[in-house]
Every structure is written in C-alpha cells, then in structure tokens.
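Chemist: First the structure, which I've put down as structure tokens, then a few questions once you've had a look.
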Amino acid sequence: MKPIRIHKGRVAPLHRANVDTDQIIPKQFLKRIERTGFGEFLLFDWRRTSDGKHDPSFVLNHPRYAGASVLVAGKNFGCGSSREHAVWALEDFGFRVLIAPSFADIFANNCVKNGVLTVVLSEDEVGEIARRAAEIDDYEITVDLEQCKVHDDHGLTAAFQIDEFTRHCLLEGLDDIGLTLQHEAEIAAYEARHAAPISPI
Amino acid sequence: MAEKFTLFDKIWNEHVVCVPAGRLPLLYIDLHLVHEVTSPQAFEGLRVAGRRVRQPERTVATVDHNIPTEPRGTPIKDPIAARQIGALQQNCRDFGVPLFDMDSSEQGIVHVIGPELGLTQPGMTIVCGDSHTSTHGAFGALAFGIGTSEVEHVLATQCLHQRKPKSMRIDVRGRLGEGVSAKDLALGVIGQIGIDGATGHVIEYTGEAVRGLSMEGRMTLCNMSIEAGARAAMIAPDETTFDYMKGRRFVPRDWDEAVVRWRALASDPGAAYDATVEIDASLLAPFVTWGTNPGMIAPVDGRIPEVSDLKADRPAVERMLEYMGLEPGTRIEDISVDRVFIGSCTNSRLEDLRAAARVAKGHRVAPKVRAMVVPGSQAVKHAAEQEGLHKIFLDSGFEWRESGCSMCLGMNPDILQPGERCASTSNRNFEGRQGRGGRTHLVSPMMAAAAAIAGHFTDIRNWRFR
Ligand code: SF4
C-alpha cells in the first residue's frame, strides 16, 4: 500500500448526498476477478450515456477536472453495498483523497485498506470547497495527514480528525495482515480456549 | 453494583483477542462466509503472499450473486460470470474451504443458508464480504459486512482490527397490525431514522413487536438495518430462536449446554446504550418506497409527498422523482408495475413464499406484468415444493426459478429494462440497481404478490384471499 503524508491535487466536485456504491461501480463490472482496471467503469451510468459514450454534461467528464486526485462529495458517501470494487475504481481513476461531511462505515474501512484517505469536514466546509472547485480554474487543495489539516492557495484552511491507528497505517502504508500475524501467539491462545462452535463440516 | 452489559458488549468482550499498543482491538471471527464476487482478489492476495487460510473449518463458501436462475445444468452463458464461479471453485479446492456449489442441495444466498444450516449461532462473530451480513444478527450474533481486503485479512488471520461501534437500541412498542410485516417494520425504521441514522452503530432491537416476530421476520428486520447505515443489528436469542435452530445440521452437539450459554447473552436490565429510538408499531402500514433510497417510503394508502414536505434537499428529491418517472401527490395505489420480483436475502425464505402464495392463490397475474419468484436457497425451494407453493405460483402465472440473488442486484441475466417499474421484495432501490434505468419499489412479499395480480400497488389489508 502506498503511504500518504501530504497530498496536493486538483479537486473534482461531486456534490450529491448518499452516493451509493452501486452507483460508484455498477454490478456488471463486479464479475472481474482482478483488482485493477476498474477506473474506466467508475460512476459508469452517470459518466456514460446509454450508448456507452462519455456524457459531456457529467461533472467528472469536464476537461477542467482532468487528472483530479481529490474528490469532494456529499454526506453519507459510499453507502450501500460493501463492494471494495468501489474504492478500487476511485483509486484507479486517480483519486487519493475523498472529502465529505460523512462516509458510510464499510466504505471508509475499505478506503483505508487501499491507501485512500477519507477526510470528514463540516457541511459548510465541504460546500465551500465544492464551490471553489467549480468556480476557480485549476483549483487545488493540499491535504496534510501529518498535521490533520487541509488548505488551498486562496486562504481556506480546515482541520479534520482521524483515529490514530488509521492515521498511522496510512502514513506508513502498512500491510495490515503482516501486523496481525505478529500476534500469532495471542490468536493461537484464544483458539485454544475457544473450540469452534460449528460441528464439523 | 455489578456492571451491566448489553448483548453487543458481551459478544464483543468475549471476542477481543488482544489490544495491541497504539492499535485497534483485534477481534476473533467465529464464522466467515464467502461468495464468488468479493473473494477472488482476497484469495489471490493470499497466494501472492504465500499465506494459507488459517481456519478452513470456520469458513464456508457458496455461489449466489451472479449465478443464473434457469434450471441447474444449463451452461452459464456469460463467460465472465463463469470465470468468477470457476475461480471460487479453484480457490476453495486450493485452500481447503468447504463450498456449497451450484449443484449442491444446500446452495443458496449466503445469508439464507447460514441460518438454515445452523452455522449461524447466538453469541458468534460472523463476517462476510457483503453488507447484508447484518441478517445473521437476528440470532443474537454480531454479524457485519466487510470489504475484500478484510476478507483476505480474515482468511489469513481469522481476526479483524475493529474500532468498537456505538450501540443503539430500537424499541418497537405495541404490535404490528394485520397485513403489516417485518419488511414494513424495517422500512418504517429507515423512514424514521434516515438512511444514515444508524451509521457507526450496532442496533439492538427490543420490544413486544420484535419478540413477536418469527426468525424469518427477525432476519428481514436485521437484514435491512444496513440500509439505515448500521454496522450490525441484533436481537437477543429466545425460545423462538432455539426452536428454529434445533436439529439443524451444524448446531452444537452439546445442545442443552449451548442453550444455557445463549440465554445468558441477553442485555442486562438497565444496561446503557449510546442512543435509543422508539418506534410505535401501531403507526406502521404496508409501505411502498417511491424514491431511489430505502428511506423514501409512503404508506400504500397514501400519496407521494410534496417536495416541500420533505426534509431532503429539493434538487435531490426532484432528481429521484424524475428518475422514477413519478409526480408528487400521486396516489401510491395508482402506480402500475411492469415487473414483480419476490426473492433476495431480505424476503426469500419459506415464510415469505407462503405469505406471497396465500395472496396469489386463486388469482392471476395481470396480463402485462412479468412476475418471478426466486427462492433463497435450494432447501427453501424444496420445502416450498413439498407444500405445493410452486403450483400456486405457476397456476397464477408467476415464474418459479432456481435459488440465488437474481434480480436483487441483476448480476445474472435477471434484470429490468430501462424505464421498467418493479415491485420488489429486495432491499435496495438505488438507481440502476436492478438494471440501468430500472425503477424499483421496495415492498413486502404480500404487497408484491398483490401488485402482480392487480397490476398496480394495492393495499393488502383489503385483499380478497381465496
Ligand atoms: S440477495 Fe441481494 S442483498 Fe442479498 S446478498 Fe444477494 S445481492 Fe446482496
């Protein structure tokens, strides 16, 4: 997993509430057994017209947001299905940081596992960033995970909170499984105390 | 005075393996359910790292999401779906994980077969790479959905790092009226607290109306809790739970001792919750969703609300109505349907099919409606056929299919065409969920069957049963 410390990037606004993971990556793309290559299917039904062409009226298709790596979204982003493919699609498309007033639980967990930082700011702060992204050309934002702050070059600053462990994993780009396996002795002891409750399969 | 614990606290505390310094608690997972869609990348991760599945005997796999519901033995036409199913078969062989495959008499939707086989038990921690894992909480288990990275983590370590969620008690006072089902209760809860009303929380349902539900009803209620954003949902085990479980294939051999342990799981009287919500069961009606999230509900004898009467912001509601092809103020009973889907892990168990068949009996599906019934598992299908339910459905003009997720998410060929309107017993009415441009209305099995026959939504409380 790629560590993330200080990230500066162009901001794309998708300022709608309750964007669900069915929308972020529609089901027809979940049949792939690879972990990569989902970016072209991101928000497929919104980005493409029914004949498969790019819909120029959809915000992410606008040239001013080309290469954006920060997505600013509405509340409860990533609700619904647990599909991690949603995060793979966002990441493959180029997003490293997502900013919203709130995220759905499973989605937020999935982001951490893929080195994607979810930043929770107030409705007002998110609204302001979305407004600037829409109005200011080449609008960029800097997200500093060391200081837990975001700022732009136009005087906006905001602080966010994140739990220490998540922050640590993202800063270091840690392999979670490797860390857990360091506790082999404790896991084995737990198993010795607790027989499997399922009778044999 | 002794400390008081909730059901959730008790299960949580029992499963903390250790709390490594500066890290989240490491939680032991008793049962890991696996399906074809969210697992291939996890197994691949194990292979790349040279890791094994730590506890294959606590891991159970099935195929459900993308399999066709045509008669078994028909070759799978979609090569990508076939490849994904093939990958699961290969992975289960390579890593020694038991698989209830396509041709198994125990195949079914993962959240239907877990309880049915007695794998789901009170007091357990259960995970699956699927958000509706909350279903299993109906047995007093702590069950929640995880992503594919976490699937890999559990396969490798049988543990997960978890921050302890907050607790929320939802107390349902009074009794459900005639024609008002567990599905309506679930929709009523989401309508009241909102689709992110329980984010970060584990719900415990209590109260007379919840105690009065069958296990099937409790599963429906816990299943839908993720649609309110809940991390998990649970109901304390009681006689109803034990009666349902007794004699099932994988329940503990030391049954009587197990029941004693399970009884002690109930929340201590006076235990504290981080939040409490009260629901008055007598105010609930058979509901129909009219928007593109499960919180947008209206009673069947009501109307689509005026935009100004809603808390949600105006452009979002207008967008929903446009997508759904509906106008504010329309009577719900005036909305006609093209398709009906009875199935999904929310409502595809025997009791659901019985309820739908009771409505369908002696009636005919409206000529322009295509209606399908998809049992949740092979065992449900078999049991329904033993009772002759399939005959009732077929005689009334419903299709009777093989088990799987089917049109709940339309990964297989069962999908809506653009603009088609569907009365569905599933759990999500998101844009495009059942097919691009498809319009989904969530309802109970009885309401779905009635809509199929009437050709439009109709109040089940006025139904002429035959
Ligand atoms: S029936 Fe629907 S909600 Fe349930 S597991 Fe299958 S796809 Fe998911």
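Chemist: May I ask you to list the aspartates and glutamates whose Cα is less than 14 Å away from that of B:Lys164, ignoring any residue fewer than eight positions away on the same chain?
Modeler: Within the straight-line limit of under 14 Å, B:Lys164 reaches these aspartates and glutamates: A:Asp105, A:Asp163, B:Asp9, B:Glu14, B:Asp274.
Chemist: So what's the gap between the Cα centers of segment B:393-409 and segment B:231-280, to the nearest angstrom?
Modeler: Here the two parts' Cα centres lie 32 Å apart.
Chemist: Another one. Compute the projected area of the convex hull of the Cα atoms of segment A:69-122, averaged over all viewing directions, and report it in nm² to one decimal place.
Modeler: For the Cα atoms of segment A:69-122, the hull's average projected area reads 3.1 nm².
Chemist: Let me ask something else. Which value, in Å² and to the nearest 10, is the accessible area of A:Ile106 when all protein chains are kept and the probe is 1.4 Å?
Modeler: A:Ile106 exposes around 10 Å² with every protein chain in place.
Chemist: Interface size between chain B and chain A, please: total buried accessible area, 1.4 Å probe, rounded to the nearest 100 Å².
Modeler: 5600
Chemist: Still on this structure, I have one more. How much net charge surrounds B:Trp463 when only the other residues with a Cβ under 14 Å from the Cβ of B:Trp463 are counted, with Lys and Arg +1 and Asp and Glu -1?
Modeler: The answer is +1.
Chemist: Shifting gears a bit: Report the longest stretch of chain A that contains none of the GluC sites (Glu not before Pro) sitting in a DSSP loop with at most 13 other Cβ atoms within 10 Å.
Modeler: Of all site-free stretches, the longest is A:35-145.
Chemist: Pull up all non-local amide H partners of B:Met124: gap of 5 or more, or a different chain, and H-to-H distance under 5 Å with H placed in the peptide plane.
Modeler: Placed amide hydrogens put B:Leu142 under 5 Å from B:Met124.
Chemist: Per DSSP H run of n ≥ 4, the term is -39500 (n - 2.57); total these for the protein assembly as shown, divide by its residue number, and report the mean residue ellipticity at 222 nm rounded to 500 deg cm²/dmol. List each step's numbers first, then the result.
Modeler: On the way: 23 runs with 209 residues, N = 667.
The helix-only estimate for the protein assembly as shown comes to -9000 deg cm²/dmol at 222 nm.
Chemist: How long are the semi-axes of the equivalent ellipsoid of segment B:338-419, taking √(5λ) for every eigenvalue λ of the Cα gyration tensor, in whole Å from largest down?
Modeler: 19, 17, 9
Chemist: List, in order, the whole-Hz ³J(HN,Hα) value for each residue of segment B:308-316 obtained from phi through the Karplus relation with A = 6.51, B = -1.76, C = 1.60 and θ = phi - 60°; use x for Gly and Pro.
Modeler: For segment B:308-316, the Karplus-derived couplings read 5, 7, 9, 6, 4, 6, 4, x, 5 Hz, x marking Gly and Pro.
Chemist: Once you've got the Cα coordinates, tell me which of A:Lys2/A:Lys53; B:Lys77/B:Lys381; B:Lys10/B:Lys166; A:Lys75/B:Lys311; B:Lys183/B:Lys311; B:Lys246/B:Lys361 are over 21 Å apart.
Modeler: A:Lys2/A:Lys53; B:Lys77/B:Lys381; B:Lys183/B:Lys311; B:Lys246/B:Lys361
Chemist: Averaging sequence separations of C-alpha pairs under 8 Å and six or more residues apart, then dividing by the length of chain A, give the relative contact order as a whole percent.
Modeler: On the way: 353 pairs, mean separation 52.6, N = 201.
Rounded, it is 26 percent for chain A.
Chemist: Taking K and R as +1 and D and E as -1, what net charge do the other residues with C-beta under 14 Å from the C-beta of B:Asp301 add up to?
Modeler: -2
Chemist: Relative to the longest principal Cα axis of chain A, at what angle does helix A:123-135 sit, 0 to 90 degrees, rounded to 10?
Modeler: 50
Chemist: Something else about it: Work out Dmax and Rg for segment B:169-241 from the C-alpha atoms and quote the Rg first, both in angstrom.
Modeler: Reported Rg and Dmax, both Å: 11.3, 33.
Chemist: Using unit Cβ charges (K, R positive; D, E negative) and no other charged atoms, how large, in debye to the nearest 20, is the dipole of the protein assembly as shown about its Cα centre?
Modeler: 1160
Chemist: Over segment B:10-148, with a single point scatterer placed on each C-alpha, what log10 of the ratio I(q)/I(0) does the Debye formula yield at q = 0.09 1/Å?
Modeler: Taken in order of the listed q values, log10 I(q)/I(0) reads -0.29.
Chemist: On the first, second and third principal axes, largest extent first, how far apart are the outermost C-alpha atoms of chain B in Å?
Modeler: 59, 58, 46
Chemist: For segment B:351-465, what mean projected area does the convex hull of the alpha carbons give, in nm²?
Modeler: Details: hull surface 26.4 nm².
It is 6.6 nm².
Chemist: Looking at the protein assembly as shown, send over the antiparallel percent of its DSSP beta bridges, to the nearest 5.
Modeler: 30
Chemist: Using a Gaussian network model on chain A with a 10 Å cutoff between Cα atoms, which of A:Val87, A:Val11, A:Val112 fluctuates the most?
Modeler: Looking only at A:Val87, A:Val11, A:Val112, the largest GNM fluctuation is found for A:Val112.
Chemist: Of all alpha-carbon pairs in the protein assembly as shown, indicate the percentage at a distance above 45 angstrom.
Modeler: Considering the protein assembly as shown, 15 percent of its Cα-Cα pairs are separated by more than 45 Å.
Chemist: Further question on the same structure: Over chain B, what is the relative contact order in whole percent, taking alpha-carbon pairs under 8 Å and six or more residues apart?
Modeler: Value for chain B: 17 percent.
Chemist: Quick one, can you get me the convex hull of the C-alpha atoms of segment B:1-68 expressed as volume per residue in Å³?
Modeler: 151
Chemist: Under the rule a/c < 1.5 gives rounded, and otherwise a/b versus b/c splits prolate from oblate, where does segment A:6-193 land using the Cα gyration tensor?
Modeler: oblate
Chemist: Whole angstrom only: what separates the Cα centroid of segment A:68-84 from the Cα centroid of segment B:105-168?
Modeler: 23
Chemist: Over the alpha carbons of segment B:189-304, what is the largest minus smallest coordinate on each principal axis, giving the biggest first in Å?
Modeler: 53, 30, 24
Chemist: Also, quick follow-up: By DSSP, what percent of the beta bridges with both residues in segment A:6-193 are antiparallel, rounded to the nearest 5?
Modeler: On the way: 12 of 25 bridges.
Of all bridge pairs located within segment A:6-193, approximately 50 percent are antiparallel.
Chemist: Next question. Dipole magnitude of segment A:6-193 about its Cα centre, charges +1 at Lys/Arg Cβ and -1 at Asp/Glu Cβ only, in debye to the nearest 20?
Modeler: Its charge dipole is roughly 640 debye.
Chemist: Once the other residues with Cβ under 11 Å from the Cβ of A:Pro101 are scored (Lys, Arg +1; Asp, Glu -1), what is the net sum?
Modeler: Residues close to A:Pro101 contribute a combined charge of -3.
Chemist: What part of the accessible area of segment A:6-193, given as a whole %, is carbon or sulfur when the probe is 1.4 angstrom? The partial results should precede the final answer.
Modeler: Numbers: 3560 of 7320 Å².
In segment A:6-193, the share of accessible area belonging to carbon and sulfur is 49 percent.
Chemist: Related question: Just to check, using Stokes-Einstein with a Kirkwood Rh over alpha carbon pairs, what's the diffusion coefficient of segment B:125-248 at 10 °C and 1.306 mPa s in µm²/s?
Modeler: D = 107 µm²/s.
The values are calculated or read from the model by the stated rules, or taken from the named source; none is laboratory data. What you are looking at is a predicted structure, and each value in this text was computed from that prediction instead of being measured. So basically every Cβ, Gly included, is an ideal-geometry build from the backbone, and we count neighbours across all protein chains shown. SASA here: full protein model, heavy atoms, side chains in, ligands and nucleic acids out. Shrake-Rupley method; radii C 1.70, N 1.55, O 1.52, S 1.80 Å.
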